Amino acid sequence: MVETSAAHRWVVAIDGPAAAGKSTVAQLLADRLGALLFDTGSLYRALALAVLRAEIDPADECRLAELAAELDIAVVPPTVRDGRLATVHLDGEDVTWEIRAPAVDAVVSPVSAHPAVRAALLPHQRRIASGLPVVIVGRDIGSVVVPDAGVKIFLEASPEERARRRFAELRERGVEVDFDAVLADLRRRDAIDTGRAASPLRAAADALVLNTDRLTVPEVVDRIEERARAIWTPTEAVVRGETQ
């Protein structure tokens, strides 16, 4: 078990595969804890969108790392009430929904698998994670980005259940997709994420692993909140403005 640093005691790291419910759970949890919500996947998705627009080969690690260093990517609280959990800006442009398109889904895992790309985005992630209560969502937060996070969670669900969630999400937004294609894409992404050499998808040794197949979102949030508050003493909660 990695010893928690003072800077990262207030970090709740939530990892897991695509469509395991991380973003929805993290939003509710952040609201309850009065914490910042930071979905690191938005950074990689914004980069993947830029790669598509620039017609760069997703296998060109050097060019991708250069592009990652050049881009201005910002993740801020929602600026539009349309169901988004945060607003993502790419060089000043609101790309919140565009980065959720199937075309981005198809390249985000290959793009994020490159060690140089992950290294280019790592300092930004750690800077956001330091010194304040924050709920961070990703694939390798508890194992690599913030291994000394105060709370580490790994959410998992069956591929079929995750495909149903992603299919429903896309259809609700008016995107015409085939369920079997969504399922196949999730399995492909799982293979890439778990098999990559740099920061593979895996639960940290001291993470709480929750299978969300048969749990409601509030049930998942309750379990994580209980663990988070267990490390915050009443005195600290008052100092940080907690009202619980």
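The values are calculated or read from the model by the stated rules, or taken from the named source; none is laboratory data. Since the model is a prediction, treat every value here as computed from it, not as a measurement. Please note: Cβ atoms are built from the backbone with ideal geometry, for glycine as well, and neighbour counts cover all protein chains shown.
At-a-glance table
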{"item": "Residue list for segment 74-93, restricted to those being part of a strand (DSSP E or B) and not hydrophobic (A, V, I, L, M, F, W, C)", "result": "T87, H89, E93"}
{"item": "Number of the condition not met by D178 [criteria: (1) under 30 Å from E61 (Cα atoms); (2) without any contact (Cβ under 8 Å) to a residue 12 or more places away in the chain]", "result": "(1)"}
{"item": "Those residues of segment 42-64 which are free of Cβ contacts under 8 Å to residues at least 40 places away in the same chain and either touching a Cys at 6+ places or on another chain (Cβ under 7 Å) or in a helix (DSSP H, G or I) (or both), in sequence order", "result": "R53, A54, R63"}
{"item": "Pick from segment 114-137, criterion surrounded by 21 or more Cβ atoms within 10 Å (Cβ to Cβ) and at pLDDT below 90, ranking: farthest from E156 (Cα to Cα)", "result": "A129"}
{"item": "Matching residues, segment 139-161, being more than 19 Å from V217 (Cβ to Cβ) and not in a helix (DSSP H, G or I)", "result": "R139, D140, V146, P147, D148, A149, G150, K152"}
{"item": "Unique match (being surrounded by 12 or more Cβ atoms within 10 Å (Cβ to Cβ) and farther than 19 Å from I99 by Cα) among L208, L186", "result": "L208"}
{"item": "Candidates V111, V88 - the one that is touching a residue at least 60 places away in the same chain (Cβ under 8 Å) and not aromatic (F, W, Y)", "result": "V111"}
{"item": "Which numbered condition T96 misses (of (1) touching a Leu at 6+ places or on another chain (Cβ under 6 Å); (2) closer than 23 Å to P58 by Cβ; (3) not in a helix (DSSP H, G or I))", "result": "(1)"}
{"item": "Residue match in segment 13-24 (condition: over 21 Å from T194 (Cα atoms), of a type outside the set (S, T, Y) and either surrounded by fewer than 24 Cβ atoms within 10 Å (Cβ to Cβ) or modelled with pLDDT under 95 (or both))", "result": "no"}
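Here's the yes/no breakdown for (1) of a type in the set (A, V, I, L, M, F, W, C); (2) under 17 Å from the mean Cα position of the chain (by Cα):
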site	(1), (2)
S143	no, yes
P147	no, yes
I153	yes, yes
E161	no, no
L170	yes, no
D185	no, no
S199	no, yes
A203	yes, yes
L215	yes, no
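Here's the yes/no breakdown for (1) of a type in the set (V, I, T); (2) surrounded by 16 or more Cβ atoms within 10 Å (Cβ to Cβ); (3) in contact with a strand residue (DSSP E or B) (Cβ under 8 Å, 6 or more places away or on another chain):
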{"residue": "G150", "(1), (2), (3)": "no, yes, yes"}
{"residue": "A163", "(1), (2), (3)": "no, yes, no"}
{"residue": "R166", "(1), (2), (3)": "no, yes, no"}
{"residue": "E169", "(1), (2), (3)": "no, yes, no"}
{"residue": "V175", "(1), (2), (3)": "yes, no, no"}
{"residue": "D178", "(1), (2), (3)": "no, no, no"}
{"residue": "D190", "(1), (2), (3)": "no, yes, no"}
{"residue": "D193", "(1), (2), (3)": "no, yes, no"}
